[in-house]
Each structure stands twice: as C-alpha cells, then as structure tokens.
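The values are calculated or read from the model by the stated rules, or taken from the named source; none is laboratory data. What you see is a predicted model; the values in this text were computed from it and never measured. Quick reminder, even Gly has a Cβ in these numbers, built from the backbone with ideal geometry, and neighbours come from all protein chains shown.
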C-alpha cells in the first residue's frame, strides 16, 4: 500500500472514453493491500476494462465477501453501487441485487477462501443459476489475512513460506465452473494485463455468470521458491490456450484467421468474442474437451490461461424465472404493490 | 533500446529541469527544501555556491529556470523559483563566517579585471580564496556595472547590491573606482599574470531618423539615461514620454519615467505582442502602472518645431503572420504622436574602442573579439572575456557562469596547466528512504496554484525612485509555494534484477509515465508507452532486461512528478527515491593552489 493517495493530475493529453470520462474516473480509494499485491493489479485491469467499455459508473454494482480480495471493490469505480457482504455469501446478495435491478452491470470480486472454502456452496449455485454477472476469483492459494495458511486452491506439493508442503488436493475453479454447467469460464494472471483486460471485457458483455479465475500472487505469504502461485512460477508454467478479444457491435472484425485457429462467438448485445486458439485441436465451446484439456495440462504442472469455455446459449436466471423485462427498481410503486384486491385474486387462483 | 546509463551525471541533471535550465546550475530543489525547513541561511549558501548573487538574482533574474519547471507541464504555472530565492536572501542571517577564508599569504599571481560587474566580481569570488591578488578597474564611482546603472532601484534596492558586492570586495579585492581603462596595451604593460575583461555591453543602439540631431536635447539613449538616473544626474523628464522598443530595458525606462514626473508614458512597438522581447512579467508590471503599450507603430521621424521636440511620426503597420512568423507587412497610414521626451531602448552592443587592434587580440567581422566558448580566452593568451563583453548582451546569470568558467581558465593559465583539461561534473546519489512509507522529502503532490507577488500600492510607489515595488513573499505564501516544488532532484532509481514485474508501480503512477514492454528500437518502444511521449527532448529511461520475462522498464521522464509512489508501492525496492547531488567544479576544485593556506570548501553530500 501507499500512505499518500495517488494524486489527481489531469494532463491535457489524457484520453477520454466514449462517455467523456478519464481512466482516473474509474478508480477508487487508496488501496491498503500489501505493496506489489496481485489484487491491485487486477483492480487496475478492471479500471481499464470498464473505462474502455465506457460503462456509466452509476450503472455498476460491485459486490464482495470477505478477504483481501474482497476489499478491492473499494479500490475501483468509486461512483458505483457497492456491497461488502458476509463471508462466502456474496452470490446470494448479488442474486438479490440483480433480481431487483436486472439492468445493472454486476461485478463480483471474491477470493479462493471466500469462494472455494466457506462459500463453495454459494459459488456452485450461482454458477448453475447462471446469474448475469462477472465473477472474479482473485486466487493466491493462501489465506493472506490470517497469515498465509494453505487455501483450498493450493496445489498439492506447493510449499508454504515456512517450508510445510501442502498434501491436500486443489479445487480448480475453472474446471469446477465448467463441470457445474457454467456458461463462461476463464483463467488469467494478474501479471499479464494484456490478456486479462480482454477477458474482463468479454466477461462483462457475456450474458450469464462469467467466472474468471485470476492467479494473483500474494507477495507477502506466497511468492517464494516452491510456491506454485508465485509470479515466477506462474510466468514459467503459464500455458496460454485461448486468447480472447471482444469486438464491440459497431466494429468490423478486420483480422482473419485460418480455420481452426479462431472461433467466433456472437454475444447477446451484438458484440463478438474472438477466441484465438494456440492449439487447433482445442474447442472452447465444448465442455468435455475443455475439461480434458485442463486436466491434461494440470497433470504437467502447467497453469492453463485464457477463455477456456464459452456457451452463450445457456439461459440466465431471469430467462429461467420468466421475470418481467423491466427492472423492478424502475417498475413503480403502483405496479409493485397492486393492493388488497389483487392479492385476493392471486390467492384465489391458488386455491 | 539502449540501456540508460544513470551514472552519467548529465542524465539526472536533465531531469532536474530548473537546474538544467539555469546557466549556473543552481541546485534549486535543494534550496527550496531548505527554505521549507526554515533554513534560510543554508538555502542562501546553496544559491551562492552557483549564482554568487542570490539577493540580486532573487529580484531581477531572467529566470530561465521557470519556463523549464516541471510544474509547468502539469497544466499549472511554474514554481516561483526566483521569488523563493529572494525569500532565502531576505531572511538569512549573517553569512560572513561561511564565506571562504582568504589566505593572508598570497600566491604571487596578479589579475587585472576591467569593469566591476557581475562577471568580474564572480571571477574575484572564485580566485581570491586561492590566494590571487585581484585588481578591478571601474569607470563609475560605484561597483555593480549594469546591475547598478541599468536596473532601477525600485526593482533592485541599492542596499541589496551593496551588501552582496561587498561580500566579494571585502575579500580584499583592490577595487579602483572612477578609473576607466583607456588602453588595453597599457594595462598589459603593467605585467599582470592575466587580464579579465568584463566591461559589459555599454553602448545603446542609436535610431538615426530625420530630426534626431535637432531634437537631441529631448532624445535619450535608454541605458545611458538609466545610468544617469541611477547616479542622480537626471532627476526629471517631460509629462509625455515615448519609449521606443519593447525589451526589458524599455520596461525599466517607462517605469522610471513615471517616477521622474511623467504622466503619460507610451511604449511604442513596431510589431504585435507575440514578438515582444520583454519578459512577460516585466510587461505585466509596466502595464499595472498604466503604461500604454502601443503595437504596430514603426518610427519614421522625430517632429521638431521651433528647435524643440514636439512629437514623433510613425508608420502604422499591418502584418500577416503564419505559424508565429511574419510573412508580410504593409504600411496602413502615418500618425504623429505628440510628446515631450523620447527614450530609445532598441538594444545595446559591446564596444571596445579602448582595445588596440595590433596586440594579437583578434576581432571578428562584426568587430567583436574572438572568444573561446569553453575557456573564455581571447586569441591573445592570458586575456579573458566574460559577461556581455564576451558574446553580447545576455543576463546576469549567464555572466556569473562565464565568471566561474573564466576563473578556472585563469587559475589553470597562472599555474601553467592546460585549460582544456577541466574537471567534469560529478554525481552523488543517496537514498531518501527513511522507513516503510517515509521519505526524507515532502513527496505528496500539492495541487496549490502559484502564489502572486504583492506590490506596493500604486499611489505610494511613485513617491520615491527607490521604493521597491515587490514586497516579497510573506510566510504564508512561502509555505505554500515551497510545497509546489516537485523535488525533481529526488530521482527514481531502478534496479533491474529486483523487479518481479507485478505492475504495482505502473498502476499507482499518477501520470502513467511507466511502462513494462518488450524491448525494441526506441522509435518502436515509444509507440507502446502507456501515455504518449510529448517531449522528445526529455529523456526516456530504459532498464536492462527484467529477470522473469526479459521485457524492459521504460520511464518517460517528462511526465514524472517525483511523488515516489512507485517506490512506495514496490514490494522489492526495485524502485528507490534517491537524491542526486550534482557538483559543478569551480576554480577551487581544480588542483591545489600554490598558496598553502587555502583549502577547498567542504562539498555537500547527497546522504
């Protein structure tokens, strides 16, 4: 962290996005995380992605649970709505928020502890519910707030700072999300902004629950020799499987790829996700090959990154529930509380 | 791209824009910090080391440092560097015990200096501590040269001049006032070991138009007239005065006229405002005193009626400009502007009628002596030039630097050493880290605007010629202004092999001046910077390949505000904030003098 806030210096050459805002306008308050924390880097990627997408800050809901990762919504988009919820219970709160206002752009930030330990159940259900949100898991393999115990995502064989070796199996949130029927599963690395920003942008534009597992080294407790979540290890063992680009609706796709190298997926808002594959045999739209691919590389100790699975056809929560297309928040008192007679009519129907 | 060599003193020197802009390399951020801490005397001495006359320059310097100031690139006005210099000078205590010790036993070398202005006195300041005997010949009755004769007392009070000149004269300089040197040959015959000519540019330019001789009684040459006012020979001027020219001398002339009884003063400019030579702040000060600046009037003739000047005839001009340059001009019509007096302030030149042309001292085709730009020696060995006498009219601060360099040459000449072998500047770096998030400088960016100098009310300032107009900064103004300094001398120093490429510094940088990117040719790397490169003149820092990905760290020095957040955010201390202390060798650093009792002044340390 730093002790003085980042000063606001507007240079005449600062770039402005489509709604007239500078990148600085998407920042939040001073981060109190450790200097060099991967989470701060992810925060910066979120800032960049939302600025580039030119989303109105007041149309954003940012939610989190408990943990180092869950502090970060305070550090981006100060003008957004925010909810720092109970440990592991953020998905429920997010479901409520989106039930109330389906038009909000919802971004949830959680960690490996918040989502894979105490909140594992909530994580699983929000994925299969396919709630229309971006779900970022800032994954560092340790419980940083409680001084670096192994978390549920720590790889077997990984060494702790004081030398203990982890013996338990790791939960891979990407494989889990695909297995649970998720519609969007990706992995990024906090140290690779060029890859992460397009993933976040695609996740925001995807209609459904977009899970992005971001390897985010803990500089204080998990960035040493023997750790499988350090900057050095991730850089060395990173295997970029599928690169993703988001092409906005108005823009033409100018780059052409050889067949088999790229897959195009059209999103509900008209934009296109361009999936560039490094391995032609891989199919990011097929669940079983995705799982096989992940497992094959996991066994080699590799960290597979990229947009691993995308299915834009799966229905999201509002589709399943058949809710009204207008957000409840804008429906008005009269319609929401129709009175005693309407209630009686409804009850009569149920008898 | 080529890895930046930060051990080269020139690299960090250029980052300290004010020090880079100052001809005498004044350590501006250091003295501003000392003022912030209330150490006015220390701040004064840091100044004096390079610019010798802080009290004088704190009032009348041409301030090449201010347009260079980094603050100006953040969309704000530059730090009031010059005004802060005056704060140090006004509030300092006695410095006599900090001045160099003058050896009682001399080294036997005698130096003659012509003119007692800033250049000559700087030479004395540098050579007296080495045991030299300096004799200064001054035509006027008081020392100071153009600083006394041409800068009016309402801008530069006589007491300030006397005190700072006195510090040097009191070192034991043999000052011969009222002695004009009429022959260089005769002076050389007196057997001095070296002669330094710092006689300035004392000849005002003439405007030879019809009526010039007839109206002579009321037509004055600007710099001679100012001198006459300064020495009390001229005490009044007519009610309506025209000043011809819009340089800084013209500003002094118009404001002086107001104090000698003029009521209607017009400054006549041939061209539009964009082409004025005067500094913007001098124009503002004159306009505040209701001087009218009339543009596009080209002088044509002096109107003399009955043997007396009654006005001046001008051609009214019209210009076509393209890209800030005049491409065409037309005369619209002709006007006569009535006046009682005219002051000509259209430039000045150096003139050497007193230097014989057959003594081995070469003059060029403009009749100016040929002087070496590094050693300041003329073509006759042992004769040196400095100040306006060397390369024509410049500013005091340039003359001071000429003096420092000439003093080194004179020292080397007298010791029989090669003048070309001069010591290079040196760089000393010292970390300013005090704790986890503590730095030994005020690193927080202060968005305050530049403080405005208060002036004596208009009604009062014209009562006496010697009433100083600028009041100086008060404590509150000083406290705000010092915090506006960005501490450009506290450098961001990067150690490649400590970096783990976590991007923390890139994200926290408030101006996006850092980039980690793949190596490549500079033109290519430039296109990948996070913020566009605006000033190609400003250096780009490039690290060596980083450990994990072999990419490089690139920093655009132009945008950095030295807030230290990159170093504060860095988990491995790959970034550190280090004070760069540059030392520019003076005469005293160039080898031991033959006199045993002199010693170099202790050098300041970076930490």
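Taking the listed residues B:507, B:497, the one that is within 14 Å of chain A (Cβ to nearest Cβ), part of a helix (DSSP H, G or I) and more than 24 Å from residue A:27 (Cβ to Cβ) is B:497, with no other qualifying. Taking the numbered list (1) free of Cβ contacts under 8 Å to residues at least 60 places away in the same chain; (2) under 30 Å from the mean Cα position of the chain (by Cα); (3) within 14 Å of chain A (Cβ to nearest Cβ) in turn, residue B:436 passes all entries but (2). Can you find a residue in the range B:454-462 that is within 13 Å of chain A (Cβ to nearest Cβ) and outside any strand (DSSP E or B)? Checking the range B:454-462: not a single residue is within 13 Å of chain A (Cβ to nearest Cβ) and outside any strand (DSSP E or B).
Does residue A:148 count as in contact with a helix residue (DSSP H, G or I) (Cβ under 9 Å, 6 or more places away or on another chain) and either under 26 Å from residue B:503 (Cβ atoms) or crowded, with 24+ Cβ neighbours inside 10 Å (or both)? No, not satisfied. Would you be able to say whether some residue in the range B:183-198 is surrounded by fewer than 15 Cβ atoms within 10 Å (Cβ to Cβ), closer than 27 Å to residue B:284 by Cβ and touching a strand residue (DSSP E or B) at 6+ places or on another chain (Cβ under 9 Å)? No, every residue in the range B:183-198 fails to be surrounded by fewer than 15 Cβ atoms within 10 Å (Cβ to Cβ), closer than 27 Å to residue B:284 by Cβ and touching a strand residue (DSSP E or B) at 6+ places or on another chain (Cβ under 9 Å). Residues that are within 14 Å of chain B (Cβ to nearest Cβ) and under 26 Å from residue A:58 (Cα atoms): does the range A:112-135 have at least one? No - not one qualifying residue is present in the range A:112-135. For the range B:359-377, filtering for residues that are free of Cβ contacts under 8 Å to residues at least 40 places away in the same chain and either in a loop (DSSP other than H, G, I, E, B) or at positive phi (or both) leaves 12. Quick check on the range B:116-142: of everything there that is under 26 Å from residue B:250 (Cβ atoms) and surrounded by 22 or more Cβ atoms within 10 Å (Cβ to Cβ), which residue is farthest from the chain's Cα centre (by Cα)? Per the criteria, the residue is B:116. One residue stands out among those in the range B:325-371 that are exposed (fewer than 10 other Cβ atoms within 10 Å of the Cβ) and closer than 24 Å to residue B:249 by Cβ: the one that is modelled with the highest pLDDT, which is B:353.
Given the condition closer than 30 Å to residue B:290 by Cα, surrounded by 15 or more Cβ atoms within 10 Å (Cβ to Cβ), over 21 Å from the mean Cα position of the chain (by Cα) and without any contact (Cβ under 8 Å) to a residue 12 or more places away in the chain, answer yes or no: does some residue in the range B:200-220 qualify? No, there is no match, as no residue in the range B:200-220 is closer than 30 Å to residue B:290 by Cα, surrounded by 15 or more Cβ atoms within 10 Å (Cβ to Cβ), over 21 Å from the mean Cα position of the chain (by Cα) and without any contact (Cβ under 8 Å) to a residue 12 or more places away in the chain.
Go through (1) under 18 Å from residue B:336 (Cα atoms); (2) in a loop (DSSP other than H, G, I, E, B) for residue B:246 and report which single condition fails. For residue B:246, the failing item is (1). Here residue B:427 meets each of (1) over 25 Å from the mean Cα position of the chain (by Cα); (2) crowded, with 17+ Cβ neighbours inside 10 Å; (3) away from chain A (no Cβ under 14 Å); (4) more than 30 Å from residue B:255 (Cβ to Cβ) with one exception, condition (1).
The rows are residues; the columns are (1) outside the structural domain of residue B:478 (by TED's automatic domain parsing); (2) surrounded by 23 or more Cβ atoms within 10 Å (Cβ to Cβ); (3) in a helix (DSSP H, G or I).
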{"site": "B:3", "(1), (2), (3)": "yes, no, no"}
{"site": "B:14", "(1), (2), (3)": "no, no, yes"}
{"site": "B:18", "(1), (2), (3)": "no, yes, yes"}
{"site": "B:26", "(1), (2), (3)": "no, yes, no"}
{"site": "B:32", "(1), (2), (3)": "no, yes, yes"}
{"site": "B:35", "(1), (2), (3)": "no, yes, yes"}
{"site": "B:41", "(1), (2), (3)": "no, no, yes"}
{"site": "B:48", "(1), (2), (3)": "no, yes, yes"}
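Got at least one residue in the range B:79-87 being more than 14 Å from chain A (Cβ to nearest Cβ), farther than 30 Å from residue B:143 by Cα, buried (at least 22 other Cβ atoms within 10 Å of the Cβ) and out of contact with any strand residue (DSSP E or B) (no Cβ under 6 Å at 6 or more places or on another chain)? For the range B:79-87, residues more than 14 Å from chain A (Cβ to nearest Cβ), farther than 30 Å from residue B:143 by Cα, buried (at least 22 other Cβ atoms within 10 Å of the Cβ) and out of contact with any strand residue (DSSP E or B) (no Cβ under 6 Å at 6 or more places or on another chain): present. Can we say residue B:112 is on the phi < 0 side of the Ramachandran plot and touching a strand residue (DSSP E or B) at 6+ places or on another chain (Cβ under 7 Å)? Spelling it out, residue B:112 is indeed on the phi < 0 side of the Ramachandran plot and touching a strand residue (DSSP E or B) at 6+ places or on another chain (Cβ under 7 Å). Among the criteria (1) free of Cβ contacts under 8 Å to residues at least 24 places away in the same chain; (2) away from chain A (no Cβ under 14 Å); (3) surrounded by 22 or more Cβ atoms within 10 Å (Cβ to Cβ), the one residue B:526 does not fulfil is (3). Listed conditions (1) in contact with a strand residue (DSSP E or B) (Cβ under 9 Å, 6 or more places away or on another chain); (2) surrounded by 21 or more Cβ atoms within 10 Å (Cβ to Cβ); (3) at the interface with another protein chain (Cβ under 10 Å from one of its Cβ atoms) are all met by residue B:563, apart from (1).
Being out of contact with any helix residue (DSSP H, G or I) (no Cβ under 9 Å at 6 or more places or on another chain) and away from chain B (no Cβ under 14 Å) is not true of residue A:174. Of all residues in the range A:32-73, exactly one satisfies the criterion of being within 13 Å of chain B (Cβ to nearest Cβ), in contact with a strand residue (DSSP E or B) (Cβ under 7 Å, 6 or more places away or on another chain) and surrounded by fewer than 23 Cβ atoms within 10 Å (Cβ to Cβ), namely A:47.
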